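Worksheet: the structure to be examined is printed underneath.
The values are calculated or read from the model by the stated rules, or taken from the named source; none is laboratory data. Everything numeric here is computed off the predicted structure, so don't read it as measured data. Neighbour counts are summed over all protein chains in view; Cβ atoms, including those assigned to glycine, are modelled from backbone coordinates with ideal geometry. Heads up: the accessible areas ignore ligands, DNA and RNA and are worked out on the full protein's heavy atoms, side chains in. Shrake-Rupley method; radii C 1.70, N 1.55, O 1.52, S 1.80 Å.
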Amino acid sequence: QVQLVESGGGSVQAGGSLRLSCRASGRTVSTHIMGWFRQAPGKEREFVAAITWDGLNTSYKDSVRGRFTISRDSAENAVSLQMNSLKVEDTAIYYCAARVPLKGTYEYWGQGTQVTVSS
């Protein structure tokens with residue numbers, strides 16, 4: 001079973017930065033597509049960013065492109081999400097997720113970490 005544990009959440013003022021980390025079990029980061037999702041109060045969970053197992057390809061939600069950067073550390077089997085120029089709208093619970101390359105849906109999820117951005 002793949003296990004994912006997020007950390008790094010917290011409170012920050014608008015315009016500030018925060019770095020989230022997701023530590024995965026085994027060699028998950030090097031064998032799966034890793035993604036970050038978020039869910040704000042009263043809203044549906046939405047895709048934020050993803051990175052391929054080799055770290056060569058990334059994708060982002062339009063509203064975070066240029067502000068957020070997803071990266072991986074295969075040696076530590078972890079994936080990070082660097083969030084800069086944070087906005088109040090970024091407030092949400094952020095989840096780390098993983099899926100095998102040939103599957104279209106994410107099947108492994110972390111417990112989430114809270115990110116709160118205040119003006």
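For region 76-92, the set of residues classified as loosely packed, with under 14 Cβ neighbours inside 10 Å and either touching a helix residue (DSSP H, G or I) at 6+ places or on another chain (Cβ under 9 Å) or within 15 Å of MET34 (Cα to Cα) (or both) consists of GLU76 only. Remark: pairs (first residue in region 6-20, under 17 Å from THR69 (Cα atoms); second residue assigned to a loop (DSSP other than H, G, I, E, B) and aliphatic (A, V, I, L, M); Cβ separation under 8 Å; 6+ apart in sequence or on different chains) = GLY15/LEU86; GLY16/LEU86; SER17/LEU86; LEU18/LEU86.
Only residues that are assigned to a loop (DSSP other than H, G, I, E, B) and touching a Leu at 6+ places or on another chain (Cβ under 9 Å): list them for region 22-38, please. First the steps, then the outcome.
Keep residues of region 22-38 that are assigned to a loop (DSSP other than H, G, I, E, B), which gives 25-27, 32.
Matches in region 22-38: SER25 only.
With respect to the stated conditions, ARG19 fails to be among the basic types (Lys, Arg), assigned to a strand (DSSP E or B) and open to solvent by less than 70 Å² (accessible area, probe 1.4 Å). Among the numbered conditions (1) over 23 Å from GLY16 (Cα atoms); (2) buried (at least 18 other Cβ atoms within 10 Å of the Cβ); (3) among the polar types (S, T, N, Q), the only one that ASN57 does not meet is (2). For SER71, the conditions (1) under 21 Å from GLN39 (Cβ atoms); (2) of a type outside the set (A, V, I, L, M); (3) under 12 Å from the mean Cα position of the chain (by Cα) all hold with the exception of (1).
Looking only at region 64-75, which residues are among the hydroxyl-bearing types (Ser, Thr, Tyr) and open to solvent by 60 Å² or more (accessible area, probe 1.4 Å)? Walk me through how you get there before you give the answer.
Residues of region 64-75 that are among the hydroxyl-bearing types (Ser, Thr, Tyr), as a first pass: 69, 71, 74.
Listed by number, the list holds a single entry, THR69.
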